């Protein structure tokens, strides 16, 4: 008759085999995980990069009438007639209740108030202008490049009135000093873009690799100032406020700190093709 009992040595052998199999079963997922991530975690996707770029942008504060400071509201009340007269020179009647305005805050030029006026009721398109109100009682200046819906929107950065108004602001608030690393050059340049009728959203990726990659694919670049001591300084920055195109700005300042030239190049995103990277490293086949 065959015995149904195992001796001690047989039982120990079976237990050892079962333990080995269980250990291998537990180790397989860990080994697969190690194999899958031995080159580090998978790279971020396109949506993550775009989100990173959106999180690394800079804009100028925009305030509705009720959000303005007490001092700025008082200044506007004192200069209301001057603002109306300056607007009327270009055919704008801001006594019409359909006109609205917002303050664009330029912190580097605090003695001037910029007001962005808009009238969307015009039949063939809106009317728009920017008024600069000096706190010292100087003349109110208006910058505009279209009126009464007769022309499509186009920022007035090429117009002499924009240069004159901006340089007057610079001279009054900063004096005649060449632009340098400590001149808050990016904020000043953004203020010019806003004065000309376009509020920029500037990409400032800093140390974010994901934001930098997204900006590169948008055909843009990180803000930079190029200084030629005793001569000119150039400021470059990318505006990503529009989804379809990137606005690459280049502003040139002379040795007295005055703006002499502004250029805007609107470019489409780079055409790229995503090539997925396999998690498996192919074996090396000797020749």
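With a point put 7 Å past each Cα toward its Cβ, work out how far residue 93 is from residue 176 in nm, to one decimal.
For the pair residue 93/residue 176, the computed spacing is 4.4 nm.
Assuming R0 = 22 Å, can you tell me the calculated FRET efficiency for the pair residue 224 and residue 272, based on Cβ-Cβ distance, to the nearest 0.05?
0.40
Convex hull over the alpha-carbon atoms of the stretch 49-267: what's its volume per residue in Å³?
130 Å³
Give me the Debye-computed log₁₀ of I(q)/I(0) at q = 0.14, 0.16, 0.21, 0.24 Å⁻¹ for the stretch 177-287, equal point scatterers on Cα only, no solvent, two decimals.
Here log10 of I(q) over I(0) equals -0.63, -0.76, -1.14, -1.32.
Hey, fewest Cβ within 10 Å first, where do 207, 213 land in order?
Listed from fewest to most nearby Cβ atoms, that is 207, 213.
Could you please rank 255, 231, placing first whichever residue has the fewest other Cβ atoms within 10 Å of its Cβ?
With the fewest neighbours first, 255, 231 line up as 231, 255.
If we count other beta carbons within 10 Å of each Cβ, what is the order of 272, 216, fewest first?
Fewest-to-most Cβ neighbours within 10 Å comes out as 272, 216.
Of the listed peptides 135-144, 160-169, what is their order by residue-averaged count of other C-beta atoms within 10 Å, with the highest listed first?
160-169, 135-144
Just the Cα atoms of the stretch 92-145: what Rg and Dmax do they give in Å?
12.3, 38
Stick to the Cα atoms of the stretch 126-232, pair each with every other, and give me the Kirkwood hydrodynamic radius in Å at one decimal.
One decimal place: 16.1 Å for the Kirkwood radius.
Any read-out appearing in this document is the output of simple, stated calculations on the displayed coordinates, not a laboratory observation. All of these numbers come straight from a predicted model, not from anything done at the bench. Virtual Cβ from ideal backbone geometry, glycine too; neighbours counted across all protein chains shown.
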